[in-house]
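Values quoted throughout were computed directly from the atomic coordinates according to the rules given, and no laboratory measurement underlies them. Keep in mind that this is a model prediction, so the values were computed, not measured. Please note: Cβ atoms are built from the backbone with ideal geometry, for glycine as well, and neighbour counts cover all protein chains shown.
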Amino acid sequence: MHNMNVATRRAWLGQALGALGVLAAPSLAFAQNRARIVIVGGGVGGATAAKYLKLFNPELSVTVIEKNPVYVRPYGSSEVLNGHVSMEDLNVSYDALKSRYGIEFVFDTVTGVDAAAHVVTTAGKQKIGYDRLIVSPGIELMYNAYAGYSEAVARTAVPSGWIPGEQTALLAKQLQGMREGGTFVLAAPPNPYRCPPGPYERASLMTEWFQKHNPTAKVIIVDPKDSFVTDETMLLGWNRLYNFNLPPDYVKKMQAEVEIKQHAKPGMLSWVRGKDGGRTLKIDAKKMTIETEAEVIKADVINVIPPMRAGQVARTLGLTDSSGFCPVNRRNFASTLLPDVHVIGDASIADAMPKSGFSANTQAKVVARAIVEELAGRQAPEPLWENTCYALAGEDYGLFVADVFKIVDGKIGRINGKSRYLPLKATPAQLKLGARYQQAWLRTFTSDCFA
């Protein structure tokens, strides 16, 4: 299983990189090209775009406008909750991008754009001209989607922590200090949202932690959805690790391929799906209750991951449509609303591609190559994209979903068929290796984006 999957994925990635020309040397046609590329947002998408623009053509002028002088990575941030990493471990410096590639950074907040004059303005009253603008604004959490919930409530009592920061630290403190036999409720978000397996990994990591430190605790996931990415492999992990009984429809789908145990005494973890009334309606921070379509649950700790839309700056610049996200040309992620502007990452409408760090990274590379080619008057190569999402059902129980995408009938479609997941029949050694892959990926991915 492992060799076949890795070999197949490597073959696809090789084709993708070949199409992107990632390994090709920059053309001499760019030797005198000092085109100005300005990037709004210094997260995974923005940092990767900046780095690869300079790799493809070192003569370009590349400036990143980012409000925070240090990047706090969201991927892997749930491991703060169980104490596997610290908040400081999430910090990523921009120093290598500055010193190794000559990328300029402006730490400020973008407040507007003059598309005709090709100028962005900032809160610090700077005016920065560009020939091409790349916007990688990430996501904004829609706290007010639920009655009784707000950003103020999230900061003080019922944290989200889906964008890492003070709320992440607060949630870790609440969970690790929860009373014996207490109840932790995680409210999963509706589609689309950042990091598809992430809410379920978060619940897994805390269930594993509670087994050791608070064995009579309860973990309840309330969910507006009936399924999620990596659901079969994740649910199987819960069945094996936490005495979780799978819903009957999953048992029916999976039992011919793998043994599924029916536990006479179910464990602490439960999942309330949308069909069973799992959609969140209201939060009462004072009573510490969460109301779903099915019931009102009294909890000790509530973690709400609310609906999401494109980051505020995307709306400020007029790049979003009625969906709350940014429509783009699929070939080069050029905005369909403003000329000479490209939108990448979680904020873009990318069809079958998930909203993930890996997606933002590969989109950034495609866009960087497209811009370099277009500035030279050449057509960009046919794009291919890849995404891999790793997740943990437990410390030694790793999962993944891996996909390759291309344009199909005018939209971005998945082309790798059914071989997306770790097989249900994976051996314990393969599951442990999957967990090691996840940890190794955190390091190598950060290096690819920021080093």
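With no solvent and one equal point scatterer per Cα, compute the Debye intensity ratio I(q)/I(0) for the range 143-306 at 0.13, 0.15 Å⁻¹ and report its log10, rounded to two decimals.
-0.59, -0.79
Taking the dipole about the Cα centre of the chain, with the C-beta of Lys and Arg at +1 and of Asp and Glu at -1, give me whichever of LEU186, TYR200, VAL62 is farthest to the positive side.
Looking along the dipole axis, the top candidate is TYR200.
Within the P(r) computed for the range 233-361, what percentage of the Cα pairs occupies the region above 17 Å?
Cα-Cα pairs in the range 233-361 separated by more than 17 Å: 71 percent.
From the helices alone, meaning DSSP H stretches of at least four residues, give me the mean residue ellipticity at 222 nm for the chain, per-run term -39500 (n - 2.57), in deg cm²/dmol to the nearest 500.
Result for the chain, helices only: -9500 deg cm²/dmol.
List the trypsin sites (Lys or Arg not before Pro) within the range 150-224 that DSSP assigns to loop and that have no more than 16 neighbouring Cβ atoms inside 10 Å.
Hits after loop and neighbour filter: ARG179.
Tell me the net charge near PRO137. Cut-off is 13 Å between Cβ atoms, PRO137 excluded, with +1 for each Lys or Arg and -1 for each Asp or Glu.
+2
Write out the trypsin sites (Lys or Arg not before Pro) in the range 382-445 meeting two conditions: DSSP loop, and at most 14 other Cβ atoms within 10 Å of their Cβ. Provide the component values of the computation, followed by the final result.
Numbers: sites: LYS406, LYS411, ARG414, LYS418, ARG420, LYS425, LYS432, ARG436, ARG443; in loops: LYS418, ARG420, LYS425.
The qualifying sites are LYS418, LYS425.
About its Cα centre, what dipole magnitude does the chain give when the only charges are +1 on Lys and Arg Cβ and -1 on Asp and Glu Cβ, stated in debye to the nearest 20?
On the way: 50 positive and 42 negative charges, 76 e Å.
Approximately 360 debye in magnitude.
Using only Cα atoms, locate the centre of the range 321-371 and the centre of the range 277-303, then give the distance between them in Å, rounded to an integer.
That distance is 35 Å.
Residue by residue through the range 288-296, what is 3J(HN,Hα) from phi via Karplus (6.51 cos²θ - 1.76 cosθ + 1.60, θ = phi - 60°)? Round to whole Hz and write x for glycine and proline.
These are the phi-based 3J(HN,Hα) values: 6, 10, 10, 9, 10, 5, 9, 6, 9 Hz.
Please give the Cα centre distance for the range 403-435 versus the range 133-168, rounded to the nearest Å.
Rounded to whole Å, the Cα centres lie 30 Å apart.
Kirkwood-based Rg over Rh for the range 153-246 (C-alpha set), two decimals? Please report the intermediate quantities before stating the final value.
Details: Rg = 13.4 Å, Rh = 14.1 Å.
That ratio equals 0.95.
Let's see if you can work this out: charge +1 on each Lys and Arg Cβ, -1 on each Asp and Glu Cβ, no other charges. What is the dipole magnitude of the range 143-306 about its Cα centre, in debye to the nearest 20?
Roughly 280 debye for the range 143-306.
Placing +1 on the Cβ of each Lys and Arg and -1 on the Cβ of each Asp and Glu in the range 143-306, which of GLY148, GLY277, GLN262 has its Cα farthest towards the positive end of the resulting dipole?
GLY148
Starting from the range 88-128, pick out the trypsin sites (Lys or Arg not before Pro) whose DSSP state is loop and whose Cβ has at most 14 other Cβ atoms within 10 Å.
LYS125
Roughly speaking, what is the stretch gain from GLU374 to LYS406, that is 0.36 nm per residue apart minus the C-alpha to C-alpha distance, in nm to one decimal?
Roughly 9.6 nm would be gained on extension.
Report the calculated FRET efficiency for ASN329 and ALA116 (r = Cβ-Cβ distance, R0 = 22 Å), to the nearest 0.05.
On the way: r = 20 Å, r/R0 = 0.90.
That gives a FRET efficiency of 0.65.
Counting only Cα, what are the radius of gyration and maximum Cα-Cα distance Dmax of the chain, in Å?
Over the chain's Cα set, Rg and Dmax evaluate to 22.3, 72 Å.
Can you figure out the FRET efficiency of VAL72 with GLN255, using R₀ = 41 Å and their beta-carbon distance, to the nearest 0.05?
Working from the Cβ atoms, E equals 0.45.
Show me, for the range 405-421, the HN-Hα J-couplings you get by feeding each phi into the Karplus relation (A = 6.51, B = -1.76, C = 1.60, θ = phi - 60°), rounded to Hz, glycine and proline as x.
Each residue of the range 405-421 in turn: 10, 8, 7, 10, 6, x, 10, 7, x, 7, 10, 9, x, 8, 7, 9, 10 Hz.
What is the set of long-range amide H partners of TRP271 at a cut-off below 5 Å, with H atoms built 1.01 Å from backbone N?
Correct list: ILE221.
Along Cα→Cβ, 7 Å out, is where each label goes; now give me the distance between the ones at GLN262 and ALA440 in nm to one decimal.
Using points 7 Å along Cα→Cβ, the separation is 4.1 nm.
Quick one: what are the phi-derived ³J(HN,Hα) couplings along the range 56-67, Karplus 6.51/-1.76/1.60 with θ = phi - 60°, whole Hz, x for glycine and proline?
6, 8, x, 7, 5, 8, 10, 10, 10, 9, 9, 6
Identify all aspartates and glutamates with a Cα-Cα distance to LYS418 below 14 Å; exclude those on the same chain that are fewer than 8 residues away in sequence.
Candidates past the 8-residue exclusion: GLU232, ASP403.
In debye to the nearest 20, how big a dipole does the range 349-451 give about its Cα centre with +1 on each Lys and Arg Cβ and -1 on each Asp and Glu Cβ?
240
Pull out the extension gain between MET142 and ALA352, defined as 0.36 nm times the separation in residues minus the alpha carbon to alpha carbon distance; nm, one decimal.
Details: separation 210, 0.36 × 210 = 75.60 nm, distance 2.26 nm.
Here the segment from MET142 to ALA352 would lengthen by 73.3 nm.
Enumerate the lysines that LYS67 could reach by cross-link, defined here as Cα to Cα under 24 Å, with residues fewer than 8 away along the same chain left out.
Leaving aside lysines fewer than 8 places away in the same chain, those within reach of LYS67 are LYS51, LYS54, LYS98, LYS125, LYS127, LYS355, LYS365.
Amide H of VAL135: which non-local residues (sequence gap of 5 or more, or other chain) have their own amide H closer than 5 Å, using H built in the peptide plane?
VAL40, HIS342, VAL343, ILE344
Round to a whole angstrom and tell me the spacing of the C-alpha centers of the range 32-75 and the range 179-211.
If we compute the Cα centre of each part, the gap is 33 Å.
Could you give the length gained on full extension between SER322 and HIS84, defined as 0.36 nm per residue of separation minus the Cα-Cα distance, in nm?
81.7 nm
In the chain, with Lys and Arg counted as +1 and Asp and Glu as -1 at Cβ, which of these residues, SER160, LEU317, LEU97, has the Cα nearest the positive end of the dipole, that is, farthest along it?
In the chain, that residue is LEU97.
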